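What follows is calculated from the coordinates using simple rules that are stated; it is not laboratory data. Here the structure is a predicted model, which is why all the values come from computation and not from measurement. Every residue, glycine as well, gets a Cβ built from its backbone with ideal geometry; the counts of neighbours run over all protein chains shown.
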């Protein structure tokens, strides 16, 4: 990886440091975030208890009584070292989705907002070129960029109290997959029969930061068959 523009290193509080690589969502910035994130995970910086990446930044949370300026210097040195490492090769993940019907409760809402019919929504959603920028909100929830701008639809005004595991949704210019049953305010357009997160193997994520995603439309018969065989 070649040396990029130097990010901002910002003390966000007395126990946190924000490393900011830019403002926009882009592959170039994400490569910097992803490479640095993987580097510091392996390095295990003393005094850092949590490292949380986002679209264009990484937040480091520190232990109590850790010297902030000393840790800040260590993080800066780690960033410089990370620029000499190779960019990790992204994984390629196919996600089968049963669109619409009982699994796409908000398909009509998306259609009304975008002016597209259900067939057009499905075609544009599954033909997109997607990338997982980070995971968060709930364990294994992938924030996926690359949605066709014509599908952009605001979040629900009132979030649902319960969204089923595997639900595929749209929020603004993002798409995502609910790995677990949880509250949520994304527009639901379908569901995958795959298990995205498994509590028995919490570090073995099916969809990881940096992965390239391909959504594939499937029939109800295929959905039921895959659901029966899911592991």
So the angle from the long Cα axis of helix 27-43 to the longest Cα principal axis of the chain, reported in degrees to the nearest 10, equals 60
So the FRET efficiency between residue 59 and residue 86, C-beta based with R0 = 30 Å and rounded to 0.05, is 0.75
Which of (1) 14.5; (2) 13.6; (3) 12.3 gives mean projected area of the Cα convex hull in nm² as computed here? It is (2)
Ranked output for segments 22-31, 103-112 by mean other Cβ atoms within 10 Å, highest leading, reads 103-112, 22-31
Cα-based Rg and Dmax for segment 1-95, in Å, come out at 13.4, 45
At R0 = 45 Å the Cβ-Cβ FRET efficiency linking residue 230 and residue 10, nearest 0.05, sits at 0.60
GNM of the chain, Cα pairs under 10 angstrom: of 145, 171, 12, the biggest fluctuation goes to 12
Extension length gain for residue 24 and residue 49 (0.36 nm per residue less Cα distance), in nm, is 6.3 nm
Relative to the chain, whose Cα atoms define the longest principal axis, helix 220-229 and its Cα axis are tilted in degrees, nearest 10, by 50
Of segment 85-111, those with amide N under 11 Å from the point 7 Å along the Cα→Cβ vector of residue 212 are 90-93
With Cα springs under 10 Å, the Gaussian network model of the chain assigns the largest mean-square fluctuation among 218, 144, 95 to 218
Looks like segment 24-69, by Cα gyration tensor root eigenvalues a ≥ b ≥ c and the a/c under 1.5 rounded cutoff (else prolate when a/b is bigger than b/c, oblate otherwise), is prolate
